[in-house]
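The values are calculated or read from the model by the stated rules, or taken from the named source; none is laboratory data. For clarity, every value in this text was computed on a predicted model and none was experimentally measured. In this analysis, Cβ positions are derived from the backbone assuming ideal geometry, glycine residues included, and neighbour counts consider all displayed protein chains.
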Amino acid sequence: HLHVNGFFVVDSGEFDPATGTILTRVPADPRGEMDTLSIPPGHWARIRIRFADYVGRTVFHCHVLGHEDLGMMGVVDIVDAQGNGVGVGQLLPTQTEHNH
């Protein structure tokens, strides 16, 4: 699960956990923007994210608590084109104009 921005799945498939070799690759069905994706054991997914309206620090994590406790979570620092934005998150002016 990714906070702040949604993402689009590009493709996914199976891999060999022992070698990291990709075994299958399937183009994704266009399902629209998502913020959570279930990936079974031995599978992978490639996602595309556009961080357009937010700079700063946010988190990603697994919704399976045991996975999260073992480290399946982390921090993402989103910066603008000039590299500004690391630290406490803030909405950019374009985002504050929307009524979410």
Per the filter on the stretch 63-76, residues out of contact with any His (no Cβ under 7 Å at 6 or more places or on another chain), part of a helix (DSSP H, G or I) and under 19 Å from residue 40 (Cβ atoms) are 65, 66, 67
Of the listed residues (51, 60, 8), the one being within 12 Å of the chain's Cα centre (by Cα), assigned to a loop (DSSP other than H, G, I, E, B) and within 24 Å of residue 78 (Cβ to Cβ) is 51
If we ask which residues in the stretch 38-71 are touching a residue at least 24 places away in the same chain (Cβ under 8 Å) and within 19 Å of residue 3 (Cα to Cα), their number turns out to be 20
When restricted to 80, 35, the only residue assigned by TED's automatic domain parsing to the domain that holds residue 22, within 16 Å of residue 5 (Cβ to Cβ) and at pLDDT 80 or above is 35
Among (1) exposed (fewer than 13 other Cβ atoms within 10 Å of the Cβ); (2) at positive phi, residue 4 falls short only on (1)
Practice task
For residue 23, state whether it is surrounded by 11 or more Cβ atoms within 10 Å (Cβ to Cβ) and modelled with pLDDT of 90 or more.
Solution key: yes
